Amino acid sequence: MALPCRSHISTFWNLPMEMVETKTLIIGAGPAGISAAIELAHLGEEFIIIEKGGIGGLALNAFRVKNYPGIPSITGRELALLFKSHLRQAGIKVTKDEALKVRYQDGSLITTAKRRCYVSKFLILATGTSPKIPNIEISKSAAKQISYEIKGLLSLANKEVAVIGGGDVAFDYALSLAKKNAVHIFFRSNRPRCNPWLIGEARKMGVTLVGNANIKKIFKEGKKVFVELDGKTKAVDRVVIAVGRYPLLDVIDKDMYSTGAGPDIHGLYIIGDAARGEGSKRQIGMAVGDGICAALDIYYKGLHGA
């Protein structure tokens, strides 16, 4: 692989001095990135996989996964543990690092991260999504009791929690928290936009469903957080907001598109939730398929000298 001059890259972009070269870099160790790594390892390909947080991605938040072939029903955390076990068995080490910017130069992809600079011919971007911030007035004092994911809230018990959102993610969060807490879920439409079985599970677990909820403000008084609707307020201990997510693609430098060439030409693969945007097609099985497809494509390009 022909790589640009190390000293030129470091000086021109002010990159970290430690540089690592690899054929393929994978950013993100959620279902998509993990499956790409496992397939590349199986094919004997050279690669590095980096992850800034926990292995498993948003699967860690899932109340229950019921559509993954071969596993009729499993919690997201249990599935993430299986992913970790599979990585260990395949001899794959996930490097702790956070990608900051991806640039393209002379046929190579240059990824600036917090700890190192990675130079690769191919890059698999499995960065997932980031939560949307709703147009709701939120006081500074209330902000500390508002979350956008629940990975850090699973030990919460004997509290009242408001979940804002009416999609699959919002109901997933509500169900996970309802095991030990009283949960109220607020959504703007007259009925939720989620999978019907989630609604049934929520009712079974005693989750309060509040439709046509036009939330104006979230503020704090004393130890409680107040959710203000049309003329009413609801006092809770914690608020979780899940009103949608957008692809996390900020690491891609805008100059990569300045020539009008698509990212595929640069050896960049965007997979999993990062590729599926804001719709409802963010499924673990689909992300796994994306990862395998990207890995196979890289392998066959190598066979044909691409």
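Figures for the structure shown
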| read-out | value |
| --- | --- |
| MRE, 222 nm, helices only [DSSP H, n ≥ 4, -39500 (n - 2.57), over the chain, to nearest 500] | -8000 deg cm²/dmol |
| Alpha carbon centroid spacing (whole Å) that separates the stretch 208-233 from the stretch 70-100 | 37 Å |
| Degrees, to the nearest 10: 284-303 long Cα axis against longest axis of the chain | 10 degrees |
| Calculated from backbone phi, Karplus (6.51, -1.76, 1.60) coupling profile of the stretch 39-49 in Hz, x at Gly/Pro | 5, 4, 5, 4, 8, x, 8, 7, 6, 10, 10 |
| Amide H partners (placed H, <5 Å) of Gly244, local residues excluded | Lys132 |
| Per-residue HN-Hα couplings for the stretch 89-104 [Karplus 6.51, -1.76, 1.60; θ = phi - 60°; Hz; x = Gly/Pro] | 5, 7, x, 9, 9, 8, 7, 6, 6, 10, 5, 10, 7, 10, 10, 10 |
| Among beta bridges that DSSP assigns inside the stretch 123-240, antiparallel share in %, nearest 5 | 40 percent |
| Fluctuation leader among Ile284, Ile199, Ile138 - the chain, Gaussian network, Cα springs under 10 angstrom | Ile138 |
| Too-long pairs where the Cα-Cα distance tops 30 Å, listed order kept, from Lys84/Lys216; Lys101/Lys220; Lys159/Lys216; Lys121/Lys144 | Lys84/Lys216; Lys101/Lys220; Lys121/Lys144 |
| Between 0 and 90°, nearest 10: helix 168-178 axis offset from the chain longest Cα axis | 60 degrees |
| Shape metrics for the stretch 148-276, restricted to C-alpha atoms - Rg then Dmax, Å | 18.6, 56 |
| Antiparallel %, DSSP beta bridges [both residues in the chain], to 5 | 40 percent |
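The numbers here are math on the coordinates, done by the rules we state, and not lab data. Everything quoted here is computed from the prediction, not taken from an experiment.
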